[in-house]
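Notes follow the structure.
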Amino acid sequence: MIHTQSRPAADTQSVHAGEERRKPHGALTTPIVQTSTYTFRDTAEILDFMQYKAEHEKAPREEYGRYGNPTLRAAERKLAALERAEAALLFASGMNAITTALLALLSAGDHIVLVSDSYHRTREFALSFMGRWGIETSLAPIDDLAALEFAIRPNTRLIFAETPTNPYLRVIDLERLAAIARKHGLLTMVDSTFATPINLRPLEYGIDLVTHSASKYLGGHNDLLAGVVLGAEWMLSPIEHARGVMGGISAPNDGYLLLRGLKTLDLRVQRQNENGLRIAQFLADHPGVRRVYYPGLDCHPDHEIAKRQMQGFGGVVSFEIDGDFEKTGRFIDRLQIPYIGPTLGGVESIVQQPAALFSLHASERQAAGLKDNLVRYAAGIESAEDLILDLAQALAGL
Ligand SMILES: Cc1ncc(COP(=O)(O)O)c(C=O)c1O
């Protein structure tokens, strides 16, 4: 684990990193530069701009909104500081970040290994979309790195993993994953959405690229969609080029909301870690709950890896109600504080029955490994006592 004495702590960086100290008009907050393009004084200024680009392989200033924006760049710098990455690139959504990065890095004939316990749209993109374009994917179990290594072929280019995973919160050993990738000369990319840079920084374990759905904890207020890819500048360069071609850059206003949300990232995540752990402990002792999945509990299969690798275990707790599909739905409907919905990471607690949102057909749910009695509870920043009292009353009334 790397600790640099001179680096400000994450709470200080959440507030200050990435932003200019002196902003236009002496404003305290970074302005939203709401423009689609940037103008030039005359042809000579354009020619100077082109000359600089040719010599330095990067632009000296903004040119067009699809390639960059000052508000977004401030958010990118703040994210890079928090993740301890050289640079960051923002996208219109988490899926846009993943798909643009994979398209930039892979070609027809390549093969990737994808950890099977990953966001279902990532799996769909790899298997259905990339498959049609001649890029093959092998799924590997998260808890068997020998099987993952066995899936590597001569044309494998990249290993993609997610940690912790949705909804069973499995945690992969990043140091061992990076070592396998290095041995075979492969790139590694990790979706760290559930962890946030407050709880885990995969680059410190030798992972090449990190991605997040910034729509979750990073934005933190359920009011924006964004995604980010972070890593070394030279590795991001082809992805930045692809973003400019494919056009999935984030909007300036969303960049501002993200920048504002990030100011409280450390505070929010510390509270969500605390809420997640207390809720998990309460549920683990409750007779109406069959099983709890939370990496902070001793009984979680990856607890030892999580303890070693993470600074906190996050705000998401999954658990099985002692009952069937209908009873689980009734439990969720009895909860009074969390909203019912498909996201996580914001200030409001959100609950869902993953099986109900996935498919109306029991056979499809079973095939996807989604138990009918599973509940995913994403704790917000409310008081743990209130959230636990609410859970207790919902369980008592079943
Ligand atoms: C782990 C993970 N990765 C990626 C995504 C995609 O992010 P977005 O919804 O911002 O496209 C999600 C969204 O639910 C997610 O949970």
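Please treat every number below as a calculation from the coordinates, not as lab data. Just so it is clear, the structure is predicted and the values come from calculations on it, not from any experiment. FYI the Cβ positions are ideal-geometry reconstructions off the backbone, even for glycines, and counts take in every protein chain you see.
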Amide H partners (placed H, <5 Å) of residue 382, local residues excluded: 349
Among 342, 98, 276 the positive-end extreme of the charge dipole of the chain (Cβ point charges): 98
Estimated vicinal HN-Hα couplings, Hz - the range 104-117 in sequence order (Karplus 6.51, -1.76, 1.60; Gly, Pro = x): 5, 8, 10, 9, 3, x, 7, 9, 10, 10, 10, 5, 5, 7
For the range 28-36, Karplus couplings with θ = phi - 60° (6.51, -1.76, 1.60), whole Hz, Gly/Pro x: 7, 9, 5, x, 7, 8, 8, 9, 8
Listed residues 255, 393, 179: farthest to the positive end of the dipole of the chain (Cβ charges): 255
Check: the chain dipole with +1 on Lys, Arg Cβ and -1 on Asp, Glu Cβ, in debye: 400
Principal axis dimensions, the chain - Cα atoms, whole angstrom, descending: 75, 54, 44
Counted charge near residue 224, where neighbours are those whose Cβ lies closer than 11 Å (Asp, Glu -1; Lys, Arg +1): 0
Sequence-distant residues sharing a close amide H with residue 316 (under 5 Å, placed H): 379
Rough spin-label spacing in nm, given labels placed 7 Å along Cα→Cβ, for residue 184 and residue 136: 1.2
The chain - mean residue ellipticity at 222 nm from DSSP helices (-39,500 (n - 2.57) per run, n ≥ 4, rounded to 500): -11500 deg cm²/dmol
Greater than 20 Å apart at Cα, pairs in 327/371; 78/263; 263/307; 23/58: 263/307; 23/58
Length-normalised contact order of the chain in % [C-alpha pairs under 8 Å, at least 6 apart]: 16
Loop-located trypsin sites (Lys or Arg not before Pro) in the range 46-151, at most 13 other Cβ atoms within 10 Å (DSSP): 58, 61
Label-to-label distance, nm, for residues given as residue 237 and residue 153 (7 Å Cα→Cβ offset): 3.0
212, 56 arranged by Cβ crowding within 10 Å, fewest neighbours leading: 56, 212
Whole-angstrom Cα spans of the range 201-333 along principal axes, big to small: 54, 34, 28
Stretch gain in nm, segment residue 358-residue 333, where the contour uses 0.36 nm per residue and the Cα spacing is subtracted: 7.2 nm
Degrees between helix 325-334 axis and first principal axis of the chain (Cα, 0 to 90, nearest 10): 70
Degrees between helix 252-262 axis and first principal axis of the chain (Cα, 0 to 90, nearest 10): 50
Nearest 10 degrees, 0 to 90: helix 384-396 Cα axis against the chain principal axis: 40
Euclidean distance of C-alpha centroids, the range 233-274 and the range 335-398, integer Å: 27
Karplus-derived 3J(HN,Hα), 6.51/-1.76/1.60, for each residue of the range 189-194, Hz, glycine and proline x: 9, 10, 8, 10, 3, 6
